[in-house]
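S.K.: What follows is a single structure, and I will ask about it in a moment.
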Amino acid sequence: MLERKNLEKAYEPGNIEKKWYDFWLSRGYFTPVIDPGRPPFVIVMPPPNVTGELHVGHALTMTVEDVLIRWHRMLGEPTLWVPGTDHSGIAVQVLVEKDLAREGLTREQVGRDEFLRRAWERAIRSRKAIEQQQQLIGASCDWSRDTFTLDEGPSRAVRTAFVRLYRKGLIYRGERMVNWCPRCQTALSDLEVEHKESAGHLYHFQYPFAEGDGSVTIATTRPETCYGDTAVAVNPTDERYRGSVGRTVILPVSGRAIPLIADEAVDPAFGTGALKITPCHDPTDLEIADRHGLPHVDVFNADGSMNTHALGCEGLSREACRGHVVREFEEKGLLVGISPYSHMVGHCGRCS
Ligand SMILES: [Zn+2]
């Protein structure tokens, strides 16, 4: 005789899903049987970062991957979905630094061992939470192959790939302009830079001609970078500067002689139409400088303070140096004016 059972009024996933997930696991259904006679179907899960818990976007991509995996498994193919998590080292570092800041501490104060202990603790906690979420959603991945990107296998694979590329001459070290965070002390990808509107100023300065007959006026939002100028550029069609291209001007803060050049990248409508060229601190300036064979002068230390090229400002913050430069132009009678100017300034996405 059939046993009478009352159905729940609403679907209770807690009573159903765990039972079936445990059943699938206990039968080893997610671990493929290798069959050399059949082509396998494999997805390597893009490993989530161990910086917190998964969000609904992860649920979406996991569902799509799971549908593909289950379809191929039902076709009888050897099917493997490799699960894993990514160390995302610097992102974890920033989180640990925020934890420390709440206790009034810095990474330097606690030292390397304690810092690493805290980083691992966070990573392991996050990894556990992520795997629980993946199992709750029913992801049919092969947990016997669960991988962390700092495990010996993946670490060795990365080293091997880099050594191969190096031996083929495809890896080299060169000087490039990068996004640099003075606090993180690391380069950032373009995706990690947040551009924020910032209320600043546009400073108009005169650079005198070397012969002493007049000057050319440039506009800048960052006076402290004047120490890195290696030219002043104007648009070749700009009538105002027709007779001046090819002459030499003197950089007032350092006394260095720099050429006045013509380049089509200069927008004649911006400021006075004369652009100071600072190859190390602006991508457009770098392109112009390289077209004209101009030298590169980097004026910043890795922590954002001024280096030895900033005569008299070495070791100062860029803000302090900015004040110094503006005063110097003013004292020499070469400050034309300062106007309010709002512009987009890149910020470190890891710090904010
Ligand atoms: Zn940063």
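S.K.: Name the residues in segment 1-39 that are surrounded by 11 or more Cβ atoms within 10 Å (Cβ to Cβ) and free of Cβ contacts under 8 Å to residues at least 12 places away in the same chain, would you?
M.R.: Here is the first cut: in segment 1-39, the residues surrounded by 11 or more Cβ atoms within 10 Å (Cβ to Cβ) are 16-18, 21-22, 24-25, 28-32, 35, 38.
Within segment 1-39, ILE16, LYS18, ASP22, GLY28 qualify.
S.K.: Let me ask another. Answer yes if at least one residue in segment 217-228 is within 20 Å of TYR341 (Cβ to Cβ), modelled with pLDDT under 95 and surrounded by fewer than 18 Cβ atoms within 10 Å (Cβ to Cβ), and no otherwise.
M.R.: The answer is yes, given that some residue of segment 217-228 is within 20 Å of TYR341 (Cβ to Cβ), modelled with pLDDT under 95 and surrounded by fewer than 18 Cβ atoms within 10 Å (Cβ to Cβ).
S.K.: Here's something else I'd like to know. Within segment 161-192, can you find the residues that are under 19 Å from the mean Cα position of the chain (by Cα), more than 16 Å from the ligand (Cβ to nearest atom) and open to solvent by less than 60 Å² (accessible area, probe 1.4 Å)?
M.R.: GLY174
S.K.: Only one of these conditions is not met by ARG322: (1) buried (at least 16 other Cβ atoms within 10 Å of the Cβ); (2) more than 27 Å from the chain's Cα centre (by Cα); (3) within 13 Å of TYR203 (Cβ to Cβ). Which number is it?
M.R.: The single condition ARG322 does not satisfy is (2).
S.K.: For segment 298-316, which residues satisfy the criterion of being away from the ligand (no atom under 16 Å from the Cβ) and open to solvent by less than 50 Å² (accessible area, probe 1.4 Å)? Break it down stepwise before answering.
M.R.: We begin by selecting, within segment 298-316, every residue away from the ligand (no atom under 16 Å from the Cβ); these are 298-299, 306-316.
The answer is VAL299, MET306, ASN307, ALA310, CYS313.
S.K.: Condition first: under 24 Å from CYS280 (Cβ atoms) and free of Cβ contacts under 8 Å to residues at least 60 places away in the same chain. Can you find one or more residues in segment 330-341 that meet it?
M.R.: no
S.K.: Within the group GLU114, GLU77, which residue is within 29 Å of PRO36 (Cβ to Cβ), open to solvent by 40 Å² or more (accessible area, probe 1.4 Å) and either away from the ligand (no atom under 16 Å from the Cβ) or assigned to a helix (DSSP H, G or I) (or both)?
M.R.: GLU77
S.K.: Next question. Considering each of GLY337, GLY346 in turn, give the residue that is within 16 Å of the ligand (Cβ to nearest atom), open to solvent by less than 50 Å² (accessible area, probe 1.4 Å), within 18 Å of GLY200 (Cβ to Cβ) and not in a loop (DSSP other than H, G, I, E, B). Working first, answer last.
M.R.: Details: GLY337 fails: within 16 Å of the ligand (Cβ to nearest atom).
Answer to the check: GLY346.
S.K.: Among the listed residues VAL96, VAL92, VAL42, VAL64, identify the single one that is exposed (fewer than 14 other Cβ atoms within 10 Å of the Cβ), assigned by TED's automatic domain parsing to the domain that holds ILE130 and not in a loop (DSSP other than H, G, I, E, B).
M.R.: Working: VAL96 fails: exposed (fewer than 14 other Cβ atoms within 10 Å of the Cβ); VAL92 fails: exposed (fewer than 14 other Cβ atoms within 10 Å of the Cβ); VAL42 fails: exposed (fewer than 14 other Cβ atoms within 10 Å of the Cβ).
Among VAL96, VAL92, VAL42, VAL64, only VAL64 is exposed (fewer than 14 other Cβ atoms within 10 Å of the Cβ), assigned by TED's automatic domain parsing to the domain that holds ILE130 and not in a loop (DSSP other than H, G, I, E, B).
S.K.: Is it true that THR272 is farther than 27 Å from ILE90 by Cα and out of contact with any strand residue (DSSP E or B) (no Cβ under 7 Å at 6 or more places or on another chain)? So that I can check it myself, show each step before the final result.
M.R.: Working: farther than 27 Å from ILE90 by Cα: yes; out of contact with any strand residue (DSSP E or B) (no Cβ under 7 Å at 6 or more places or on another chain): no.
No, not satisfied.
The values are calculated or read from the model by the stated rules, or taken from the named source; none is laboratory data. In this text, all values refer to a predicted model and were calculated from it rather than measured experimentally. Every residue, glycine as well, gets a Cβ built from its backbone with ideal geometry; the counts of neighbours run over all protein chains shown. Remember, those area values only see protein heavy atoms, side chains included, never the ligands or the DNA or RNA. Shrake-Rupley method; radii C 1.70, N 1.55, O 1.52, S 1.80 Å.
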